[in-house]
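Reviewing the structure listed below.
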């Protein structure tokens with residue numbers, strides 16, 4: 001489904017989802033970035049310089065967990081597309097399963113006070129794996145959307161397009177591209193704010209909202225066989 005309204009809804013929903021999940025993980029698990037490998041590298045460096053910082057092991061393990069999520073999504077897409085079927089629904093189901101694990105283990109670990117114990121550690125690693133799958137799905141299956149979990153590139157493109165709009169550049173696709181990058185960015189920011197209040201009020205149970213978002217996206221993607229154009233032959 002590539003209708004303009006459906007595409008815009010996908011971008012906004014996934015942008016909100018990514019901002020929400022990453023913010024909640026950061027607040028709940030001692031500054032863990034479930035979606036941002038760069039941020040975790042920075043926190044690892046800071047923790048090595050200052051051993052008093054908590055949960056350095058969680059931040060170390062988040063990187064391979066993120067990679068595992070990417071790899072699992074890639075393998076799943078390959079297996080599904082070899083059968084000449086569309087892979088988005090199965091890939092979203094994988095992400096949903098990992099997100100549910102993030103939520104349930106987090107609830108079981110509550111309260112997480114000074115250090116990440118085994119349940120909280122498992123929760124954080126499943127969250128990182130879920131966002132690894134999210135990033136892989138965006139790259140492999142949703143290339144028509146702007147990135148929904150990494151906003152630096154989006155901001156750069158928005159500023160470039162805004163300058164071109166103001167100077168009256170002769171580019172017929174400029175307004176469409178500006179909107180394509182703008183709406184996921186705004187949705188991501190709103191998701192960050194919503195997650196902060198959601199975690200304050202409900203703890204890990206606040207992850208029920210992104211769970212519902214994934215369920216909604218799954219419902220919107222009715223199962224169907226891929227056409228010869230849609231199905232890619234993967235060696």
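The values are calculated or read from the model by the stated rules, or taken from the named source; none is laboratory data. Predicted, not measured: the structure shown is a model, and the values here were computed from it. In this analysis, Cβ positions are derived from the backbone assuming ideal geometry, glycine residues included, and neighbour counts consider all displayed protein chains.
Looking at residue 110, is it within 21 Å of residue 212 (Cβ to Cβ), surrounded by fewer than 21 Cβ atoms within 10 Å (Cβ to Cβ) and over 22 Å from the mean Cα position of the chain (by Cα)?
yes
Take the residues in the stretch 2-58 that are outside any helix (DSSP H, G or I) and under 30 Å from residue 177 (Cβ atoms), then tell me which one is modelled with the lowest pLDDT.
2
Mind listing whichever residues of the stretch 159-177 are under 26 Å from the mean Cα position of the chain (by Cα) and part of a loop (DSSP other than H, G, I, E, B)?
Selection gives nothing.
Please determine, by comparing only the residues of the stretch 126-153 that are within 12 Å of the chain's Cα centre (by Cα) and not in a helix (DSSP H, G or I), which one is farthest from residue 69 (Cα to Cα).
151
For residues that are outside any helix (DSSP H, G or I) and touching a helix residue (DSSP H, G or I) at 6+ places or on another chain (Cβ under 8 Å), scanning just the stretch 59-93, find the one that is surrounded by the most Cβ atoms within 10 Å (Cβ to Cβ).
Applying the filter and picking the extreme gives 87.
Spot the failing condition for residue 156; the list is (1) surrounded by 18 or more Cβ atoms within 10 Å (Cβ to Cβ); (2) in a helix (DSSP H, G or I), and only one is missed.
Residue 156 satisfies every listed condition except (1).
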